[in-house]
1. Looking only at residues that are of a type in the set (Gly, Ala, Ser) and under 17 Å from residue 46 (Cβ atoms) in region 192-205, which one is nearest to the chain's Cα centre (by Cα)?
2. Output the number of residues of region 374-386 satisfying the condition of being among the charged types (D, E, K, R) and surrounded by 14 or more Cβ atoms within 10 Å (Cβ to Cβ).
3. Identify, please: which residue in region 48-60 is in contact (Cβ under 8 Å) with a residue 40 or more places away in the chain and surrounded by 16 or more Cβ atoms within 10 Å (Cβ to Cβ) and is, among those, farthest from residue 131 (Cα to Cα)?
4. Can you tell me which condition residue 297 does not meet? The list is (1) more than 15 Å from residue 328 (Cα to Cα); (2) over 24 Å from the mean Cα position of the chain (by Cα); (3) of a type in the set (A, V, I, L, M); (4) surrounded by 16 or more Cβ atoms within 10 Å (Cβ to Cβ), and all the others hold.
5. Could you give me the residue pairs with C-beta distances under 6 Å whose first residue belongs to region 4-27 and is under 19 Å from residue 119 (Cβ atoms), whose second residue is of a type in the set (Val, Ile, Thr) and in a helix (DSSP H, G or I) wherever it lies, and which are 6+ apart or on separate chains?
6. Quick check on my filter: what residues within region 387-401 are farther than 15 Å from residue 353 by Cβ and either buried (at least 17 other Cβ atoms within 10 Å of the Cβ) or among the β-branched types (Val, Ile, Thr) (or both)?
7. When you go through (1) more than 23 Å from residue 395 (Cβ to Cβ); (2) in contact (Cβ under 8 Å) with a residue 60 or more places away in the chain; (3) touching a Lys or Arg at 6+ places or on another chain (Cβ under 9 Å) one by one for residue 299, which number turns out not to apply?
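The values are calculated or read from the model by the stated rules, or taken from the named source; none is laboratory data. As the structure is a computational prediction, the values presented were derived from the model and not from experiment. Note that we place each Cβ from the backbone using ideal geometry, even for glycine, and neighbour counts take in every protein chain shown.
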Amino acid sequence: MKQKNIYIIDFDSTFTQVEALDELARISLKKHPDKEAIFKKIEDLTNLAMEGKLSFSESLAQRVKLLEASEDHLKQLITRLKKKVSLSFSRNAAFFKKHADQVLIVSGGFKEFITPVVSQYHIKKENIYANTFVTTDGRIIDYDHANPLSEEGGKVKLMKMLNLEGDLYGIGDGYSDFQLRESGMIKKFYAFTENISRESIVSRADHVTPSFDEFLYVNDLPRAISYPKNRILCLVIGEVPEESLTLLKKDGFSIRHKSAFEDKYVKDVHMLLMADGEKMDPEKLKLAVKLKTVGYLGNAKNYVDEQACTAMGIVIFEDPKHNPRNANFIPKRMMDFMNTGTTYLSSNFPNLQLPRFGQSHRLIHVHHNVPGIMAQINTVFAKHSINIIGQFLMTNATIGYAITDINAEYDKDVFKALKKIEQTIKFRVLY
């Protein structure tokens with residue numbers, strides 16, 4: 001009989017983008033005359049513990065003492081944390097609902113602020129393990145020292161007490177998470193780096209997961225997007241504004257900023273953003289078989305072969321009028337295309353703006369504009385008993401761009417059949 005998988009997930013800097021006690025300090029000490037010095041001390045204590053350079057129990061005791069927090073401050077913190085859930089966790093709420101019995105939140109943080117945040121994601125209260133505060137007259141004065149999670153090696157001690165049956169997988173950013181792997185109690189430890197990357201932890205992890213999408217992908221688990229954004233290589237060429245880079249990084253793509261298009265990136269690049277005046281070598285373009293979109297911060301004429309890109313199913317977004325906002329506008333068009341399939345305002349593709357349907361998968365089919373292609377596509381869906389939720393088609397003189405949203409249950413052989421349709425240029429599963 002197959003063992004049940006159990007997913008042990010950290011809270012601070014993993015499920016959420018921030019360290020909750022650091023945030024609580026910024027709320028409770030807002031009017032303190034020495035607040036900046038205290039903030040720095042609390043952050044240092046947090047990092048020392050997360051990197052394994054200070055015992056967790058000592059770090060926790062010192063931080064709680066410095067907080068000077070109340071229950072009113074906790075309410076403010078909860079409101080803030082609900083807005084700071086890590087993006088890749090937030091978009092995969094459906095996973096937590098489906099696997100509610102297998103997900104545990106195990107944290108050295110506190111239930112008082114963890115439970116209201118993670119409960120929104122269908123995580124059961126009985127599966128939340130964390131410390132608890134001691135309060136007097138609404139003031140936080142201490143915490144429960146009898147809780148094993150307040151001690152050094154607390155997560156290991158807790159897991160021994162729980163004695164769970166199944167294959168255990170740990171996801172976290174700190175030393176206390178790695179200790180579970182070191183103890184031999186979990187099958188694999190995934191260093192979560194979406195919010196912070198600690199070299200002392202990353203170097204000892206079984207797998208580095210820059211997002212929760214990556215964790216779900218490598219374990220072949222249901223996920224909101226078919227392919228993790230951190231695996232999508234976006235090559236940036238030339239003197240591109242920092243604003244452009246920030247937008248792409250924030251959306252989760254893997255960014256490489258170079259002065260020229262190097263040969264080693266040609267076969268693996270998915271997105272290409274080019275500064276005005278930079279030219280795309282036609283020979284390199286032919287080899288860029290994974291390339292899906294080109295963004296050009298200026299007029300691409302004479303710099304990018306539009307006809308060749310169209311023939312390869314590559315969408316171009318450019319700014320012939322040199323709008324001063326193109327540093328923001330062009331990357332956003334590229335991101336919108338990669339995230340939803342929208343080709344609005346591209347210079348070489350049929351312009352299509354798309355709504356997003358929940359609980360569905362979006363398939364993109366780019367083909368030569370000849371009669372009968374849509375009939376062939378829909379014949380494939382019918383043969384595989386696929387339920388179509390929505391379908392969109394736009395064409396120009398040379399290509400057809402078809403988007404089909406299908407229900408969540410499908411036979412993966414349908415993808416092979418769609419790729420085999422004559423006149424197909426490019427096919428991909430968007431999410």
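1. Residues of region 192-205 that are of a type in the set (Gly, Ala, Ser), as a first pass: 197, 200, 203, 205.
Now drop any that are not under 17 Å from residue 46 (Cβ atoms), which leaves 197, 200.
Details: 197: 14, 200: 22 Å.
Of everything passing the filter in region 192-205, 197 is nearest to the chain's Cα centre (by Cα).
2. Just the residues of region 374-386 that are among the charged types (D, E, K, R), to begin with: 383.
Checking which are surrounded by 14 or more Cβ atoms within 10 Å (Cβ to Cβ) leaves us with none.
The number of residues fulfilling the criteria is 0.
3. Once the filter is applied, the top-ranked residue is 52.
4. If we test residue 297 against (1) more than 15 Å from residue 328 (Cα to Cα); (2) over 24 Å from the mean Cα position of the chain (by Cα); (3) of a type in the set (A, V, I, L, M); (4) surrounded by 16 or more Cβ atoms within 10 Å (Cβ to Cβ), just (1) comes out false.
5. That search, which allows pairs on different chains as well, returns 11/114.
6. 388, 389, 395, 398, 399, 400 - these are the residues of region 387-401 that are farther than 15 Å from residue 353 by Cβ and either buried (at least 17 other Cβ atoms within 10 Å of the Cβ) or among the β-branched types (Val, Ile, Thr) (or both).
7. Unmet for residue 299, out of (1) more than 23 Å from residue 395 (Cβ to Cβ); (2) in contact (Cβ under 8 Å) with a residue 60 or more places away in the chain; (3) touching a Lys or Arg at 6+ places or on another chain (Cβ under 9 Å): (2).
One line per residue, one yes/no per condition, for (1) at pLDDT 90 or above; (2) farther than 24 Å from residue 196 by Cβ:
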position: 47; (1), (2): no, no
position: 61; (1), (2): no, no
position: 69; (1), (2): yes, no
position: 72; (1), (2): yes, yes
position: 81; (1), (2): yes, no
position: 90; (1), (2): yes, no
position: 121; (1), (2): yes, no
position: 131; (1), (2): yes, no
